[in-house]
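What follows is a short report on a single structure.
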Amino acid sequence: MSLAALAFLISSATTTPASERAAILSVVHRMEAAWNRGDFRGYMAGFKNPDVVFVSGGKFQAGWQGTLDHYIRDYGGSAERRGTLHFYNMKVDLLAPDAAMLVGQYRLTRGTRLTEGVNTRLFRKAHGQWRITINHVSAYDVEPPTAPAKQ
(Lines give C-alpha, C1' and ligand atoms only; values in the text may rest on other atoms or scores of the structure.)
Protein backbone atom coordinates (compact mmCIF):
# COMPACT_ATOMS: atom_id res chain seq x y z
CA MET A 1 0.00 0.00 0.00
CA SER A 2 1.35 3.41 -0.93
CA LEU A 3 2.00 6.09 1.65
CA ALA A 4 -0.67 8.32 0.09
CA ALA A 5 -3.29 5.56 0.32
CA LEU A 6 -2.37 4.89 3.94
CA ALA A 7 -2.60 8.58 4.79
CA PHE A 8 -6.03 8.74 3.11
CA LEU A 9 -7.29 5.75 5.13
CA ILE A 10 -6.07 7.24 8.40
CA SER A 11 -7.57 10.61 7.51
CA SER A 12 -10.89 9.03 6.51
CA ALA A 13 -11.09 7.11 9.77
CA THR A 14 -10.81 10.28 11.86
CA THR A 15 -13.22 12.51 9.92
CA THR A 16 -16.93 12.38 9.30
CA PRO A 17 -19.09 14.25 6.82
CA ALA A 18 -20.43 16.33 9.71
CA SER A 19 -16.93 17.23 10.92
CA GLU A 20 -15.84 18.16 7.39
CA ARG A 21 -18.91 20.39 6.93
CA ALA A 22 -18.20 22.00 10.30
CA ALA A 23 -14.57 22.63 9.29
CA ILE A 24 -15.69 24.31 6.05
CA LEU A 25 -18.26 26.47 7.85
CA SER A 26 -15.57 27.40 10.37
CA VAL A 27 -13.43 28.75 7.52
CA VAL A 28 -16.34 30.93 6.38
CA HIS A 29 -17.07 32.16 9.91
CA ARG A 30 -13.39 33.10 10.39
CA MET A 31 -13.51 34.97 7.08
CA GLU A 32 -16.62 36.89 8.17
CA ALA A 33 -15.01 37.85 11.51
CA ALA A 34 -11.80 38.96 9.77
CA TRP A 35 -13.72 41.17 7.32
CA ASN A 36 -15.73 42.76 10.11
CA ARG A 37 -12.58 43.72 12.02
CA GLY A 38 -10.94 45.13 8.86
CA ASP A 39 -8.43 42.29 8.45
CA PHE A 40 -8.54 41.71 4.68
CA ARG A 41 -5.51 39.39 4.76
CA GLY A 42 -7.32 37.32 7.40
CA TYR A 43 -10.38 37.26 5.16
CA MET A 44 -8.25 36.12 2.23
CA ALA A 45 -6.78 33.29 4.33
CA GLY A 46 -9.90 31.32 3.38
CA PHE A 47 -8.89 31.34 -0.30
CA LYS A 48 -6.21 29.25 -1.99
CA ASN A 49 -3.13 31.39 -2.50
CA PRO A 50 -2.03 32.28 -5.16
CA ASP A 51 -4.31 30.69 -7.72
CA VAL A 52 -7.89 31.11 -6.52
CA VAL A 53 -10.39 31.72 -9.32
CA PHE A 54 -12.61 34.61 -8.24
CA VAL A 55 -15.54 35.79 -10.36
CA SER A 56 -17.67 38.80 -9.45
CA GLY A 57 -19.74 41.21 -11.49
CA GLY A 58 -19.24 39.08 -14.57
CA LYS A 59 -15.45 39.52 -14.40
CA PHE A 60 -12.47 37.50 -13.23
CA GLN A 61 -10.34 39.01 -10.48
CA ALA A 62 -6.57 38.71 -10.85
CA GLY A 63 -6.05 35.75 -8.51
CA TRP A 64 -5.43 35.95 -4.78
CA GLN A 65 -3.34 39.13 -4.78
CA GLY A 66 -5.63 40.92 -7.23
CA THR A 67 -8.63 40.10 -5.05
CA LEU A 68 -6.84 41.35 -1.91
CA ASP A 69 -5.83 44.55 -3.74
CA HIS A 70 -9.46 45.04 -4.83
CA TYR A 71 -10.74 44.69 -1.26
CA ILE A 72 -8.16 47.10 0.14
CA ARG A 73 -8.79 49.63 -2.65
CA ASP A 74 -12.59 49.47 -2.65
CA TYR A 75 -13.41 48.65 0.98
CA GLY A 76 -10.40 49.73 3.07
CA GLY A 77 -9.87 52.78 5.20
CA SER A 78 -12.80 52.86 7.59
CA ALA A 79 -15.39 50.62 9.20
CA GLU A 80 -18.19 52.46 7.39
CA ARG A 81 -16.52 52.00 4.01
CA ARG A 82 -15.84 48.31 4.72
CA GLY A 83 -19.27 47.65 6.16
CA THR A 84 -20.52 44.65 8.10
CA LEU A 85 -20.52 41.28 6.36
CA HIS A 86 -22.75 38.36 7.26
CA PHE A 87 -22.86 34.93 5.60
CA TYR A 88 -26.00 32.86 6.10
CA ASN A 89 -28.16 30.07 4.68
CA MET A 90 -25.07 28.05 3.78
CA LYS A 91 -25.36 24.56 2.34
CA VAL A 92 -22.26 22.38 2.04
CA ASP A 93 -22.16 19.36 -0.28
CA LEU A 94 -19.17 17.04 0.08
CA LEU A 95 -18.15 15.97 -3.41
CA ALA A 96 -15.08 13.88 -2.51
CA PRO A 97 -12.77 13.51 0.50
CA ASP A 98 -10.88 16.59 -0.69
CA ALA A 99 -13.63 18.58 -2.45
CA ALA A 100 -16.82 20.32 -1.37
CA MET A 101 -19.21 22.90 -2.74
CA LEU A 102 -20.79 25.61 -0.61
CA VAL A 103 -23.75 27.67 -1.79
CA GLY A 104 -24.86 30.42 0.55
CA GLN A 105 -26.06 33.95 0.85
CA TYR A 106 -24.40 37.05 2.20
CA ARG A 107 -25.34 40.53 3.28
CA LEU A 108 -22.97 43.51 3.28
CA THR A 109 -24.24 46.62 5.05
CA ARG A 110 -22.26 49.81 4.36
CA GLY A 111 -23.99 52.82 5.90
CA THR A 112 -27.34 53.06 4.14
CA ARG A 113 -26.18 50.81 1.29
CA LEU A 114 -27.23 47.17 1.56
CA THR A 115 -25.84 44.57 -0.83
CA GLU A 116 -27.07 41.00 -0.83
CA GLY A 117 -25.94 38.10 -2.92
CA VAL A 118 -25.15 34.46 -3.41
CA ASN A 119 -21.74 32.79 -3.19
CA THR A 120 -20.95 29.52 -4.91
CA ARG A 121 -17.64 28.21 -3.63
CA LEU A 122 -15.59 25.16 -4.47
CA PHE A 123 -13.46 24.11 -1.51
CA ARG A 124 -10.46 21.81 -1.80
CA LYS A 125 -8.68 20.17 1.10
CA ALA A 126 -4.90 20.04 1.06
CA HIS A 127 -2.54 19.36 3.96
CA GLY A 128 -5.58 19.05 6.26
CA GLN A 129 -6.89 22.55 5.44
CA TRP A 130 -10.00 23.52 3.51
CA ARG A 131 -9.51 26.49 1.16
CA ILE A 132 -11.72 28.10 -1.47
CA THR A 133 -10.34 27.44 -4.95
CA ILE A 134 -13.24 28.83 -6.99
CA ASN A 135 -15.50 31.65 -5.76
CA HIS A 136 -18.43 32.97 -7.79
CA VAL A 137 -20.46 35.92 -6.48
CA SER A 138 -23.81 37.14 -7.72
CA ALA A 139 -24.84 40.36 -5.93
CA TYR A 140 -27.43 43.08 -6.02
CA ASP A 141 -28.06 46.29 -4.10
CA VAL A 142 -31.20 46.41 -2.00
CA GLU A 143 -33.10 49.65 -2.27
CA PRO A 144 -33.77 51.24 1.13
CA PRO A 145 -37.44 51.40 2.05
CA THR A 146 -39.07 54.70 1.29
CA ALA A 147 -41.23 56.52 3.80
CA PRO A 148 -44.94 56.61 2.97
CA ALA A 149 -46.12 59.88 1.48
CA LYS A 150 -47.86 62.24 3.88
CA GLN A 151 -51.44 63.02 3.08
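The values are calculated or read from the model by the stated rules, or taken from the named source; none is laboratory data. Since the structure is predicted, the reported quantities are computational estimates derived from the model, not experimental observations. Cβ atoms come from the backbone with ideal geometry, glycine included; neighbour counts cover every protein chain shown.
Under 8 Å by Cβ, and 6 or more places apart or on different chains, what pairs join a residue from region 102-114 that is under 23 Å from Ala18 (Cβ atoms) with one that is in a strand (DSSP E or B) and among the small types (Gly, Ala, Ser)? Hits for this filter: Gln105/Gly117.
Only one of the numbered conditions (1) surrounded by 14 or more Cβ atoms within 10 Å (Cβ to Cβ); (2) of a type outside the set (S, T, N, Q); (3) assigned to a helix (DSSP H, G or I) is not met by Gly117, and that is (3). Looking across region 16-37 at every residue that is surrounded by 16 or more Cβ atoms within 10 Å (Cβ to Cβ) and not β-branched (Val, Ile, Thr), the one that is farthest from Phe87 (Cα to Cα) is identified as Glu20. Going by what's in this entry, would Phe54 be described as of a type outside the set (Val, Ile, Thr), modelled with pLDDT of 95 or more and in contact with a Ser or Thr (Cβ under 9 Å, 6 or more places away or on another chain)? No.
Looking only at region 46-69, count every residue that is farther than 18 Å from Tyr106 by Cα, hydrophobic (A, V, I, L, M, F, W, C) and outside any helix (DSSP H, G or I) and tell me the total.
Just the residues of region 46-69 that are farther than 18 Å from Tyr106 by Cα, to begin with: 48-53, 59-66, 68-69.
Imposing the further condition that a residue be hydrophobic (A, V, I, L, M, F, W, C) reduces the set to 52-53, 60, 62, 64, 68.
Still in the list and also outside any helix (DSSP H, G or I): 52-53, 60, 62.
Residues flagged as farther than 18 Å from Tyr106 by Cα, hydrophobic (A, V, I, L, M, F, W, C) and outside any helix (DSSP H, G or I) within region 46-69 amount to 4.
When Glu116 is tested against (1) at pLDDT below 95; (2) among the acidic types (Asp, Glu); (3) under 18 Å from Met31 (Cα atoms), exactly one condition is not met: (1). One residue stands out in region 128-145 among those that are within 21 Å of Gly63 (Cα to Cα) and not polar (S, T, N, Q): the one that is nearest to the chain's Cα centre (by Cα), namely Ile132.
From the residues in region 18-65 that are under 14 Å from the mean Cα position of the chain (by Cα) and small (Gly, Ala, Ser), which one is nearest to Gly128 (Cα to Cα)? The selected residue is Ala23. Residues that are among the basic types (Lys, Arg) and surrounded by fewer than 14 Cβ atoms within 10 Å (Cβ to Cβ) were ranked within region 83-113; the one that is farthest from Met31 (Cα to Cα) is Arg113. If you filter region 70-104 down to residues that are in a loop (DSSP other than H, G, I, E, B) and modelled with pLDDT under 95, you find that the one that is nearest to the chain's Cα centre (by Cα) is Gly76.
Determine whether region 11-30 contains at least one residue that is in contact with a Pro (Cβ under 9 Å, 6 or more places away or on another chain), part of a helix (DSSP H, G or I), farther than 24 Å from Ser138 by Cβ and modelled with pLDDT under 95. Scanning region 11-30 turns up at least one residue that is in contact with a Pro (Cβ under 9 Å, 6 or more places away or on another chain), part of a helix (DSSP H, G or I), farther than 24 Å from Ser138 by Cβ and modelled with pLDDT under 95.
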